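Student: Would you mind keeping the following structure in view while I ask a few things?
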């Protein structure tokens, strides 16, 4: 399973996108940048639009075959978005002092880099005019004429000093805005605007249709909007969240739990779902736990919707089922909202008896001690936890909600990998990393086809001459070199998957609450 294999079951259609080829301009630009900007600002309401500091809007959202509600609060320096659909509620708050998401199971997940992107505001008057109120410095350029939605537009490209681009499709004669194409961290979405109405002297789009390639799309229809409303600061306060994890008898740990017997080199655990005994694959690459859709009737639960599921090889589909209790040893995760997937066909292919995926929710609230050499795991309460003496500490990088592990290949600078216990190889390497470091140069490789969520994808097996993880070096490590890399699942910061082939050389203690790993090398692995 890829790291984004199950994230996005609830939120991807709202905030994520997939890489898409940029259409070639149909003609050279015809309007100077400054003049096009002035026409656009005048069309949006002139001084009223330029003075606007906040907006409150609410309405209906259609996505994944379901209709729900949204509410959005935007101040001059903070934002709050709430989505309630199919019995699932997602809240995202972005402020300069901290940003977080309340996930589908009610857990608070921090997003350290969210404000950086929200502050850019590429369609705002301050950004386009470069006023002192602008939160980020923008560079504007014309990208030619393009035809979209049956209309010819001048494309104004806004950049903020990196590879990300924000394209505003503006009518060169009237200054009307038709759509925007946003590419951030290698992922692209297109927002189509219509049903413009004047509110407080400024034009506001009352209908927005979002297209996100393989991740599908959504339509938001505003029913109420207010410019510069009075906003209660409490809306942007970080909540306590809901503690889903409890230990039996008030303990602070489960103690050791042995992996289930398996013919595969994977982590299988005995679990209970709604009191029913089952076997789960323990997958640090799954952002949301999942249950086989065919078992929901037995569990007296039902799923709704058909949400996109980004995986290692592309995008699949899943429903969602709230109110599911999942237990492992003396630990219970109460009231999770899980994905409902066709896991039966996946387990049939593997020949293993698993019908559950145990995903990120347990990492959000516990310290997870994976003792691979002894094939056992323990879960600990974070408060007061101390790692074993001599453990190597690895600081994790953050990319949105993701934690990424720095891994050095062939003496190169650390690249960022998703830790994926659902992948039983040592490494899966993105084409961009293989090309940049010439990892396949002079090597003989063997072509393979890999099956995962999203279907099958081609790749090749070859060796990395040296891999360094947490101060420990390994020679001649077999790796899967992917021919393609699913941008629906991973941003351009993610350059590979770190699988069991390497992780099993350690006792791995996962401390997500503090963005770190503790590694204890097995006897045959030597630090140096």
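Student: Among the residues of region 247-268, count how many are crowded, with 17+ Cβ neighbours inside 10 Å and either at pLDDT below 95 or at positive phi (or both). Outline the logic, then answer.
Tutor: Let us first name the residues in region 247-268 that are crowded, with 17+ Cβ neighbours inside 10 Å, namely 247, 253-254, 257, 259-260, 262, 266-268.
Right, trim to either at pLDDT below 95 or at positive phi (or both) and you get 259-260, 262, 266-268.
Total satisfying the criteria: 6.
Student: Just for strands (runs of 3 or more DSSP E) wholly inside region 448-528: which have at least 2 residues that are over 14 Å from residue 420 (Cβ atoms) and at pLDDT 90 or above? Quick ask: steps written out before the conclusion?
Tutor: Values: elements: 455-469, 472-482, 496-498, 506-511, 516-521.
Answer list for region 448-528: 455-469, 472-482, 506-511, 516-521.
Student: To continue, here is another question. Within region 357-373, can you find the residues that are more than 19 Å from residue 102 (Cβ to Cβ) and either free of Cβ contacts under 8 Å to residues at least 12 places away in the same chain or under 25 Å from the mean Cα position of the chain (by Cα) (or both)?
Tutor: Step one: filter region 357-373 for residues more than 19 Å from residue 102 (Cβ to Cβ), giving 357-358, 367-373.
Listed by number, the residues that qualify are 357, 358, 367, 368, 369, 370.
Student: Looking for whichever is within 18 Å of residue 474 (Cα to Cα), more than 26 Å from the chain's Cα centre (by Cα) and either at pLDDT below 95 or assigned to a loop (DSSP other than H, G, I, E, B) (or both) here; the options are 442, 425, 412. Which one fits? Working first, answer last.
Tutor: Values: 442 fails: within 18 Å of residue 474 (Cα to Cα); 425 fails: more than 26 Å from the chain's Cα centre (by Cα).
Just one listed residue meets the conditions, 412.
Student: Find the strands (runs of 3 or more DSSP E) located wholly in region 83-158 whose residues include 1 or more that are closer than 19 Å to residue 182 by Cα, touching a helix residue (DSSP H, G or I) at 6+ places or on another chain (Cβ under 9 Å) and in contact (Cβ under 8 Å) with a residue 24 or more places away in the chain, and list them. Don't jump to the end; show me each part of the working.
Tutor: Values: elements: 88-95, 98-102, 108-110, 139-148.
Hits in region 83-158: 88-95, 139-148.
Student: Using beta carbons and a limit of 6 Å, which pairs, at least six apart or on different chains, have the first residue in region 328-356 and under 14 Å from residue 303 (Cα atoms) and not assigned by TED's automatic domain parsing to the domain that holds residue 106 and the second one modelled with pLDDT under 70 and part of a loop (DSSP other than H, G, I, E, B)?
Tutor: If the second residue must be modelled with pLDDT under 70 and part of a loop (DSSP other than H, G, I, E, B), the pairs left are 339/6; 339/9.
Student: Sticking with this one: Just name the residue that is nearest to residue 217 (Cα to Cα) out of those in region 308-323 that are buried (at least 23 other Cβ atoms within 10 Å of the Cβ) and modelled with pLDDT of 80 or more.
Tutor: 320
Student: Given the conditions (1) closer than 18 Å to residue 133 by Cα; (2) touching a strand residue (DSSP E or B) at 6+ places or on another chain (Cβ under 6 Å), and given that residue 77 satisfies all but one, which numbered condition is not satisfied?
Tutor: It is condition (2) that residue 77 fails.
Student: Filter region 174-195 down to residues that are in contact with a helix residue (DSSP H, G or I) (Cβ under 9 Å, 6 or more places away or on another chain) and more than 30 Å from residue 484 (Cβ to Cβ) and give me whichever is surrounded by the fewest Cβ atoms within 10 Å (Cβ to Cβ).
Tutor: Looking at residues that are in contact with a helix residue (DSSP H, G or I) (Cβ under 9 Å, 6 or more places away or on another chain) and more than 30 Å from residue 484 (Cβ to Cβ), I get 174.
To keep it simple, each residue is scored yes or no on (1) touching a helix residue (DSSP H, G or I) at 6+ places or on another chain (Cβ under 6 Å); (2) outside the structural domain of residue 359 (by TED's automatic domain parsing); (3) not in a loop (DSSP other than H, G, I, E, B).
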site	(1), (2), (3)
271	no, no, yes
277	no, no, yes
280	no, no, yes
285	no, no, no
288	no, no, no
291	no, no, yes
294	yes, no, yes
299	no, no, no
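Student: Next question. I'm trying to understand the selection: among the residues of region 378-409, which are assigned to a strand (DSSP E or B), closer than 19 Å to residue 245 by Cβ and within 26 Å of the chain's Cα centre (by Cα)?
Tutor: From region 378-409, those assigned to a strand (DSSP E or B) are 378-380, 392-395, 397-399, 402-409; that's our starting set.
Checking which are closer than 19 Å to residue 245 by Cβ leaves us with 378-380, 403.
Matches in region 378-409: 379, 380, 403.
Student: Does region 196-210 contain any residue that is within 20 Å of residue 129 (Cβ to Cβ), crowded, with 20+ Cβ neighbours inside 10 Å, touching a residue at least 12 places away in the same chain (Cβ under 8 Å) and assigned by TED's automatic domain parsing to the domain that holds residue 57? Explain how you work it out, then say what you get.
Tutor: Within region 196-210, the first condition is being within 20 Å of residue 129 (Cβ to Cβ), and the residues that meet it are 200-204.
Then keep just the ones that are crowded, with 20+ Cβ neighbours inside 10 Å; that gives 202, 204.
Checking which are touching a residue at least 12 places away in the same chain (Cβ under 8 Å) leaves us with 202, 204.
After this cut, where a residue has to be assigned by TED's automatic domain parsing to the domain that holds residue 57 as well, the list is 202, 204.
So far as region 196-210 goes, yes, one or more of its residues are within 20 Å of residue 129 (Cβ to Cβ), crowded, with 20+ Cβ neighbours inside 10 Å, touching a residue at least 12 places away in the same chain (Cβ under 8 Å) and assigned by TED's automatic domain parsing to the domain that holds residue 57.
Student: Tell me whether region 40-56 contains one or more residues that are crowded, with 20+ Cβ neighbours inside 10 Å and within 30 Å of residue 303 (Cβ to Cβ).
Tutor: Checked region 40-56: no residue is crowded, with 20+ Cβ neighbours inside 10 Å and within 30 Å of residue 303 (Cβ to Cβ).
The values are calculated or read from the model by the stated rules, or taken from the named source; none is laboratory data. Because the structure is predicted, anything quoted here is derived from the model rather than measured. Neighbour counts are summed over all protein chains in view; Cβ atoms, including those assigned to glycine, are modelled from backbone coordinates with ideal geometry.
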